[in-house]
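The values are calculated or read from the model by the stated rules, or taken from the named source; none is laboratory data. Only a predicted model underlies this, so the values are computations on that prediction, with no experimental measurement involved. Cβ sites come from the backbone with ideal geometry, for glycine too, and all protein chains shown count toward neighbours.
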Amino acid sequence: MALMPKRVKHRKSQRGRIRGNATRGNRVVFGDFGLQSYEGGWISAATIEAGRIAAQQYIRGEGKLYIRIFPHKSITSIPLETRMGKGKGEPDYWAATVRPGTILYELAGVTEEQAKICFARLAHKMPVAVRMVKRK
């Protein structure tokens, strides 16, 4: 089941612009290692879930995985081959808005080599450039 909010004030949101670096959620807090975004963008709920499954399959209950992002933004789309006009499309999927520097996932209870391999698997699934960071 993909992540989505229980209820929202407005079903459809405007696209907006991703400007500046992350000021919150940019430090490793829960785990020992984190996966940090290099660039801004939207990460869909399906992508977040795919990353969670890939990480869980690798760590196999050894460590603990923390997901630090949540898809609050509804992304709309109009059906293919539809003429212009007729208004804004219906909500298609939910996405998390990510700024450069945001921590996406965290790992605890694993070695640095294991974390590096696990995050390499996650990085292939992410639509933004990412890097591994350690807790300060």
Total residues in region 1-18, condition among the basic types (Lys, Arg) and touching a residue at least 40 places away in the same chain (Cβ under 8 Å): 2
Regarding Pro100, is this residue loosely packed, with under 14 Cβ neighbours inside 10 Å and in contact (Cβ under 8 Å) with a residue 24 or more places away in the chain? no
When every residue in region 89-129 that is β-branched (Val, Ile, Thr) and out of contact with any Asp or Glu (no Cβ under 9 Å at 6 or more places or on another chain) is compared, the one nearest to His10 (Cα to Cα) is Thr97
Selected residue (only one of Lys88, Lys136 is within 27 Å of Gly16 (Cα to Cα), touching a residue at least 12 places away in the same chain (Cβ under 8 Å) and assigned to a loop (DSSP other than H, G, I, E, B)): Lys88
When the residues of region 53-65 are narrowed to those that are surrounded by 16 or more Cβ atoms within 10 Å (Cβ to Cβ) and without any contact (Cβ under 8 Å) to a residue 60 or more places away in the chain, which ends up nearest to Arg17 (Cα to Cα)? Leu65
Please name all residue pairs, on different chains or six or more residues apart, with Cβ atoms under 6 Å, provided the first residue is in region 24-52 and is more than 20 Å from Glu112 (Cα to Cα) and of a type in the set (Asp, Glu) and the second residue is part of a loop (DSSP other than H, G, I, E, B) and modelled with pLDDT of 95 or more. Glu39/Pro100; Glu39/Val128; Glu39/Ala129
Tally up the residues in region 42-59 that are among the β-branched types (Val, Ile, Thr) and touching a Cys at 6+ places or on another chain (Cβ under 7 Å), please. 1
Here are the criteria: (1) in contact (Cβ under 8 Å) with a residue 12 or more places away in the chain; (2) at positive phi. Tell me which single one Glu112 does not satisfy. (2)
Among the numbered criteria (1) exposed (fewer than 12 other Cβ atoms within 10 Å of the Cβ); (2) closer than 19 Å to Met4 by Cα, which one does Tyr93 miss? (1)
Could you say whether any residue in region 75-89 is of a type outside the set (A, V, I, L, M) and either under 12 Å from the mean Cα position of the chain (by Cα) or within 18 Å of Gln56 (Cβ to Cβ) (or both)? no
Those residues of region 103-121 which are of a type in the set (Ser, Thr, Tyr) and either crowded, with 24+ Cβ neighbours inside 10 Å or in a strand (DSSP E or B) (or both) amount to Tyr105
Please verify whether Ser37 is under 30 Å from Lys9 (Cα atoms), in contact with a Pro (Cβ under 7 Å, 6 or more places away or on another chain) and either modelled with pLDDT under 95 or buried (at least 19 other Cβ atoms within 10 Å of the Cβ) (or both), treating the condition exactly as stated. yes
